[in-house]
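Reviewing the structure listed below.
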Amino acid sequence: MKKSIYIAYTGGTIGMQRSDHGYVPMAGFMEDCLARMPEFHRPEMPDYHIHEYAPLIDSSDMTPADWQRIAEDIKNNYDKYDGFVILHGTDTMSFTASALSFMLEDLHKPVIITGSQIPLAELRSDGQQNLLNALYIAANYPIHEVTLFFNNQLYRGNRSKKVHADGFHAFDSPNYPPLLNAGIAISVEAGELGTPCQAPLVLHDITPQPIGVVTLYPGISAEVIANILQQPVRALILLSFGVGNAPQNPAMLALLSEASARGVIIVNLSQCLHGKVNMGGYATGNALSRAGVISGFDMTAEAALTKLHFLLSQDLPAPRIRELMQQSLRGELTP
C-alpha cells in the first residue's frame, strides 16, 4: 500500500503569493499549487493530506503556544499517517524543530520540517524540491526523529541552525553531520532507519517561560546582566567567547553566583558556530563554573532555549534541571 503523509501547513514563504505589498500568505493557495504540479502525484510519491492552519503564521510570530499546537496536531493524527511534514517559515524553523524534538518522546515515525526561500509558485522556487524530497523521504527513509530538510540535506532538528538569510543553503548543522544527503542517489549518513515500535508516543506540554539571552562583548557592564536577571527570569543563556570564556568582572560574577543560588539556570554557550564549551580550559571560563554557570557543550542557542522551555515546563527542582541540561536527551549535544 502507498504510504500516507500528513502535511501541516503552518505558514511561511513556501505558500505565499505575490501581491502589491510583497509576498503574503493566502488561504488555500498551497493546496491549489500542489494540485497543479504533476510531480507530487507520480506513482512513486506517497499520498498526502494537507491541513492548513488558520490563520497562517509568519514564523517571526511563532511562540511556544504554536509549538504546542503543532505537537498536538501530530499527536492527534499520529495513528492515521505514516509520517509528518511540517511546512514552516525559515526564520524560526530551527526553534520549532528543536522544541518538537523535546516535546515528542518515543517518536517512531518521521517528522520533517521544511519550507523555502522562494514561494512555491514562483519560477526558480526551492520549495518544490524541498517539499518533494521531504515527502519522498518521509515515506521511504523512515528516520524516526524530528528533522529539518533543506537544500538536499536532512538535519537533526535540534542540531540545525539558519546560517544564510537569502541563499538556498539556508541551514546547516554545525556540530553534527547531516542525517541524509539527497544527491543523485539518496544516502543515509548519520541517521538511523527505524522500525515501527509499539511504544506509545508521549507528548510533553510546553508553556511559555521567562528566559533571558545575553551576548557577551568586550566591556559589557554588570548592570546589563543585572537588568536581564531581574525576576521573573528563570533561566539565562550566556553567549560567551571561544570555548566558554567571559570577562573576570567581579560584579558580574557576583550577580551570576547570586542568581544561580536562588535557582536561576545559567547556561554557557559559545558564540562560535563550531566547537563546544569547555569551562575548564581557561581561568575565565573556570570563574563562570565557580559562579554556578553550567556548560551547554555544543548545543545551538535554539536547542538550549527550547530545552529550557521544555524542562522549566515540568515540575522539576533547579538542580535536576541543571543535570538534564548537561545530558543528551534527544541527541542535541555532545558531552
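Sorting the segments 42-48, 109-115, 139-145, 149-155 by their mean number of nearby beta carbons within 10 angstrom, highest to lowest, gives 109-115, 149-155, 139-145, 42-48. Put simply, the amide H of residue 48, placed in the peptide plane, has neighbours under 5 Å in 5, leaving out anything fewer than 5 places away on its chain.
Extension gain for the segment residue 184 to residue 323, taken as residue separation times 0.36 nm less the Cα-Cα distance, is 45.7 nm to one decimal. Most tightly packed first, judged by the mean number of other beta-carbon atoms within 10 Å of their residues, the peptides 256-269, 160-173, 87-100 read 87-100, 256-269, 160-173. Annotation: per residue accessible area for the range 191-257 equals 52 Å², rounded to a whole number [probe 1.4 Å, protein chains only]. Placing a pseudo-label 7 Å from each Cα along the Cα-to-Cβ vector at residue 63 and residue 51 gives an inter-label distance of 2.1 nm.
Dividing the radius of gyration of the alpha carbons in the chain by their Kirkwood radius gives 1.00 for Rg/Rh. Carbon-plus-sulfur accessible fraction, the range 1-114 (probe radius 1.4 Å, protein heavy atoms only): 50%. Taking each residue as 0.36 nm, the span from residue 192 to residue 21 lengthens on full extension beyond its C-alpha to C-alpha distance by 57.1 nm.
Each Cα pair of the range 116-225 feeds into the Kirkwood radius, which the Stokes-Einstein equation turns, at 4 °C and 1.567 mPa s, into a diffusion coefficient of 77 µm²/s.
For the range 149-241, the relative contact order is 19 percent, taking Cα pairs closer than 8 Å that sit 6 or more residues apart in sequence and dividing their mean separation by the residue count. Within the shell of other residues whose beta carbon sits under 9 angstrom from the beta carbon of residue 146, the net charge comes to +1, with Lys and Arg scored +1 and Asp and Glu -1. Checking the Cα-Cα distances for 3/307; 2/162; 2/75; 75/161; 162/307 against a 28 Å cut-off, the pairs over it are 3/307; 2/162.
The values are calculated or read from the model by the stated rules, or taken from the named source; none is laboratory data. Since the structure is predicted, the reported quantities are computational estimates derived from the model, not experimental observations. Every residue, glycine among them, receives a Cβ derived from its backbone with ideal geometry; neighbour counts consider all protein chains shown. With ligands, DNA and RNA removed, areas are computed over all heavy atoms of the protein, side chains included. Shrake-Rupley method; radii C 1.70, N 1.55, O 1.52, S 1.80 Å.
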